[in-house]
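The values are calculated or read from the model by the stated rules, or taken from the named source; none is laboratory data. It should be emphasised that the depicted structure is a prediction, and the values quoted were computed from it without experimental measurement. Cβ: placed from backbone, ideal geometry, glycine included. Neighbour counts: every protein chain shown. Heads up: the accessible areas ignore ligands, DNA and RNA and are worked out on the full protein's heavy atoms, side chains in. Shrake-Rupley method; radii C 1.70, N 1.55, O 1.52, S 1.80 Å.
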Amino acid sequence: MPSRIFAGVLVTLVAASLIAARASDAQAASPAPMSHMAMPSASSTPVPKPDAAEAAFIADVTKVLQERYATTGAAKAAGYFQMTRLEDDGTAIWFNGKWDDDVSKYDPNFLWYDKNGKLVGLDYQYRVSTNPKPPGPEVYPVMASRWSTIDAHMHFAYTLPNGTVKRRGAALLPDETGDPTAAQLRAAKLLPANATLLWAHYHPKSWDLGFWLVPNPNGAFADLNPLVKP
């Protein structure tokens, strides 16, 4: 299934293309338009339901993670922070800053929360640069086709003078290979002049496995869940 993280970036970029035509540099609060990036069509069409092994794996992970990270408060206490705003699919992504060997079945690096701060899903992500292939079924007992790749991009958050926090995603800056600075973001017209950068994160190209941790009539691996509303 496509990652909510990268889908959120694309939503932001499309929105920015509409804003940029009428906003001044100082007012711009979204990434600059990226005309070469197409917006994928969202669909709630059911995908193949989990087979027996996948269903058992999801049930096991769901039980453990709903006990550990049922709320955003529990996630924050465990070192996760909110990376994205609440998107149209009803989820906001929380990230713990970990990759590769620090990711495992009960320690995903990305968690999805709904508008009420309740855990609804997850992503396991591994950097392609250090993992030529995604983990095999001996680690995550799912069909190989469940894995997808996410292109490198970035996320950042800032505060405005009135205290409002804005979370944004964007395509990489030219030659970017690490977390961008406030100066770089301002030069690219991604950070308003009156804003204070809270954090910025370079998201490398990665393997992604995501699924819902709450019931979904479309199946655990479906893009959208009609029971999770924005």
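Residues within the reach of a label modelled at S104 (point 7 angstrom out along Cα to beta-carbon, backbone nitrogen below 13 Å), restricted to segment 202-217: there are none.
Computed from point charges on the beta carbon alone (+1 for Lys and Arg, -1 for Asp and Glu), the dipole magnitude for segment 75-132 about its Cα centre is near 180 Debye.
In segment 103-137, which trypsin sites (Lys or Arg not before Pro) are in a loop and have at most 16 other Cβ atoms within 10 Å, using DSSP for the loop call? Passing both the DSSP loop test and the Cβ count: K105, K115. With Cα atoms defining each centre, segment 205-225 and segment 139-193 are spaced 22 Å apart in the structure.
Of the whole protein surface, V228 contributes about 20 Å² of accessible area at a 1.4 Å probe radius. Tell me the carbon and sulfur percent of the accessible area for segment 74-230, rounded to whole percent, probe radius 1.4 Å. C and S fraction of accessible area: 53 percent. Taking label points 7 Å from Cα along the Cα-to-Cβ direction, K76 and K118 give a separation of 1.9 nm.
Quick one: length gained pulling A144 to V47 fully straight, 0.36 nm per residue minus the C-alpha distance?
Length gained between A144 and V47: 33.5 nm.
Contact order for segment 74-230, expressed relative to its length and based on alpha carbon pairs under 8 Å spaced 6+ residues apart, stands at 26 percent.
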